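The values are calculated or read from the model by the stated rules, or taken from the named source; none is laboratory data. As the structure is a prediction and not an experimental result, all values here were calculated from the model. Virtual Cβ from ideal backbone geometry, glycine too; neighbours counted across all protein chains shown. The accessibility values were calculated without ligands, DNA or RNA, using every heavy atom of the protein model including side chains. Shrake-Rupley method; radii C 1.70, N 1.55, O 1.52, S 1.80 Å.
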Amino acid sequence: MLKDLGDVVMDFREVPRALVMKCPDGCGQMLSVNLDRRSGKAWRLFGHGDKLTLFPSVWRDEGCKAHFILWRGQLLWCDGSSSADWQDRELIERVRQVLTDVAPRPVGYEEIAQHLDAIPWEVLWACEALVKARIAVRRNPSEFFVRQP
């Protein structure tokens, strides 16, 4: 069933258990990404059909050492060679509102994503857009807070 790079198969037994794919870097290895928290560390799966998103990134710690994000069916390499074509003004405003509501406390983008029922990658990008617009400040790789006047 996994003939080409990018082919993905879902192991679904009452609940999603794993996402199985050929490693996208071309090394030929099969990757099994655990989706079942009962089995230990697990990724979260968003979307349906061929527009799947995984969170967090997939980072092979052996073999080819591939590191990538699967976002809305697109493969984004974490080495900076690819980027998402993403822009969602409505989500950016919703994230700004959350940061304003909790000010001056810094908040993690994963917490914001959970609160907004949004894809964590997109909330991270919204936070980065707010930093670029000088509306928010990045405290560390995962926490942000609204800039005080």
**OP:** Give the residue, chosen from Leu75, Leu2, Leu91, that is in contact with a strand residue (DSSP E or B) (Cβ under 6 Å, 6 or more places away or on another chain) and open to solvent by less than 40 Å² (accessible area, probe 1.4 Å).
**Re:** Leu2
**OP:** List every residue pair whose Cβ atoms sit under 6 Å apart, with the two residues 6 or more apart in sequence or on different chains, where the first one lies in the stretch 74-87 and is of a type outside the set (S, T, N, Q) and the second, anywhere, is part of a loop (DSSP other than H, G, I, E, B) and open to solvent by less than 70 Å² (accessible area, probe 1.4 Å).
**Re:** Leu75/Pro24; Leu76/Ser82; Leu76/Ala84; Cys78/Ser57
Subject >> Whichever residue in the stretch 70-97 is closer than 15 Å to Ala118 by Cβ and in contact with a Leu (Cβ under 7 Å, 6 or more places away or on another chain) and, among such residues, is modelled with the lowest pLDDT >> reply: Ala84
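Can you tell me how many residues in the stretch 57-72 are more than 15 Å from the chain's Cα centre (by Cα) and surrounded by 12 or more Cβ atoms within 10 Å (Cβ to Cβ)?
If we filter the stretch 57-72 for residues that are more than 15 Å from the chain's Cα centre (by Cα), which is where we start, we get 60-66.
Narrowing the set further to residues that are surrounded by 12 or more Cβ atoms within 10 Å (Cβ to Cβ) leaves 60, 63-64, 66.
Within the stretch 57-72, residues that are more than 15 Å from the chain's Cα centre (by Cα) and surrounded by 12 or more Cβ atoms within 10 Å (Cβ to Cβ) number 4.
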Original post:
Within the bounds of the stretch 9-22, is there any residue that is open to solvent by less than 60 Å² (accessible area, probe 1.4 Å), within 20 Å of Leu124 (Cβ to Cβ) and touching a residue at least 12 places away in the same chain (Cβ under 8 Å)?
Top reply: no
Original post:
Ile119: of a type in the set (A, V, I, L, M, F, W, C), touching a strand residue (DSSP E or B) at 6+ places or on another chain (Cβ under 9 Å) and touching a residue at least 40 places away in the same chain (Cβ under 8 Å), yes or no?
Top reply: yes
Original post:
Within the stretch 95-116, restricting attention to residues that are more than 25 Å from Val20 (Cα to Cα), within 18 Å of the chain's Cα centre (by Cα) and not small (Gly, Ala, Ser), which residue is surrounded by the most Cβ atoms within 10 Å (Cβ to Cβ)?
Top reply: Val95
Original post:
Looking at (1) open to solvent by 50 Å² or more (accessible area, probe 1.4 Å); (2) touching a Pro at 6+ places or on another chain (Cβ under 8 Å); (3) modelled with pLDDT of 95 or more, which is the only condition Phe144 fails?
Top reply: (1)
